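Quick notes on the structure that follows.
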Amino acid sequence: MKTTRLEAFSDGVLAIIITIMVLELKVPHAVELAALKPVLPVFLSYVLSFIYLGIYWNNHHHLFQATEQVSGGILWANLHLLFWLSLFPFTTAWIGENHLAAIPTAIYGFVLLMAAIAYYVLERAIIAKEGRESFLALALGKDWKGRLCLALYLAAIPLAFLSSWIASAIYVFTALLWLIPDRRIEQALNKRGHERP
């Protein structure tokens, strides 16, 4: 199977997730700038989650540009990723409404961790289908950045109970690590394009 239907479905789901998240932002009834203060934590959690969803969308796009075919296993792995991403609106609203309380901050980190694991599983499913010597496997290499992020999420979850600000800073730092799309795949795609006759 070609990747086009999977990509189109994933794009649609991500668009819906972002729409649901923005609908959680409540408009203040007053017109003064001070009326925005109570909405600020919800807005900041929305911005962080929007950035994360943008990162996943960007890297998902690059991932499937480097993928030749999909299988049933890849379809299920992709749905697994979309499941965890679909929880972003809930955890985003919860962390924002409760001003970085420990439990919502830890649960937010857990969803980030599970989405990262699901993305890793998706990569492995594609490599299993296409082979260890496939274009994607060679482009990804050892994936130190992905492993580092898993470790950061694992550290941030219990840290949320000591300081939700430290945990949140780890979430922001991890997002900054991925803000630029995965250059390994992009560089490999450019190189492959130049090598073709």
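The values are calculated or read from the model by the stated rules, or taken from the named source; none is laboratory data. For clarity, every value in this text was computed on a predicted model and none was experimentally measured. As a convention, Cβ positions derive from the backbone with ideal geometry for all residues, glycine included, and neighbour counts pool all protein chains shown. Only protein heavy atoms, including side chains, enter the accessible area calculation; ligands, DNA and RNA are left aside. Shrake-Rupley method; radii C 1.70, N 1.55, O 1.52, S 1.80 Å.
Would you say Ile18 is open to solvent by 10 Å² or more (accessible area, probe 1.4 Å), at pLDDT 90 or above, in contact with a helix residue (DSSP H, G or I) (Cβ under 9 Å, 6 or more places away or on another chain) and within 27 Å of Lys145 (Cα to Cα)? Against the criterion (open to solvent by 10 Å² or more (accessible area, probe 1.4 Å), at pLDDT 90 or above, in contact with a helix residue (DSSP H, G or I) (Cβ under 9 Å, 6 or more places away or on another chain) and within 27 Å of Lys145 (Cα to Cα)), Ile18 qualifies. Scanning segment 134-166 for residues that are hydroxyl-bearing (Ser, Thr, Tyr) and under 14 Å from Leu113 (Cα atoms) yields a single hit, Tyr153.
Residue check: Ala8 meets all listed conditions (1) surrounded by fewer than 17 Cβ atoms within 10 Å (Cβ to Cβ); (2) within 19 Å of Ser168 (Cβ to Cβ); (3) at pLDDT 90 or above but one, namely (2). Among the residues making up segment 68-77, those that are open to solvent by less than 50 Å² (accessible area, probe 1.4 Å), out of contact with any Leu (no Cβ under 6 Å at 6 or more places or on another chain) and in contact (Cβ under 8 Å) with a residue 24 or more places away in the chain are Ser71, Gly73, Ile74.
Counting only residues that are in a loop (DSSP other than H, G, I, E, B) and either farther than 28 Å from Gly73 by Cα or of a type in the set (S, T, N, Q) (or both), segment 129-173 holds 5 of them.
Could you count how many residues in segment 102-117 are of a type in the set (Gly, Ala, Ser) and closer than 14 Å to Leu159 by Cβ?
Taking segment 102-117 and keeping what is of a type in the set (Gly, Ala, Ser), we get 102, 106, 109, 115-116.
Within this subset, residues satisfying the condition of being closer than 14 Å to Leu159 by Cβ are 102, 106, 109.
Number of matching residues: 3.
Output the residues belonging to segment 105-124 that are open to solvent by 10 Å² or more (accessible area, probe 1.4 Å) and either modelled with pLDDT under 95 or not small (Gly, Ala, Ser) (or both). Ile107, Phe110, Leu113, Met114, Ile117, Tyr119, Tyr120, Val121, Arg124 - these are the residues of segment 105-124 that are open to solvent by 10 Å² or more (accessible area, probe 1.4 Å) and either modelled with pLDDT under 95 or not small (Gly, Ala, Ser) (or both). If you check Leu150, Leu159, Leu140 for being out of contact with any Leu (no Cβ under 8 Å at 6 or more places or on another chain), modelled with pLDDT of 90 or more and surrounded by 14 or more Cβ atoms within 10 Å (Cβ to Cβ), only one passes: Leu159. Scanning segment 53-67 for residues that are in contact (Cβ under 8 Å) with a residue 12 or more places away in the chain and either open to solvent by 60 Å² or more (accessible area, probe 1.4 Å) or not β-branched (Val, Ile, Thr) (or both) turns up Leu53, Tyr56, Trp57, Asn58, Asn59, His60, His61, His62, Leu63, Phe64, Gln65, Ala66. Only one of these conditions is not met by Lys145: (1) over 19 Å from the mean Cα position of the chain (by Cα); (2) under 18 Å from Tyr56 (Cβ atoms); (3) of a type in the set (D, E, K, R). Which number is it? Only one criterion is unmet by Lys145, namely (1).
May I ask you to list the residues in segment 125-137 that are at pLDDT 85 or above and surrounded by 20 or more Cβ atoms within 10 Å (Cβ to Cβ)? Residues satisfying the conditions are Ala125, Ile126. The set of residues from segment 125-175 being hydrophobic (A, V, I, L, M, F, W, C) and free of Cβ contacts under 8 Å to residues at least 12 places away in the same chain comprises Ala137, Trp144, Ala151, Leu159, Leu162, Ile166, Ala169.
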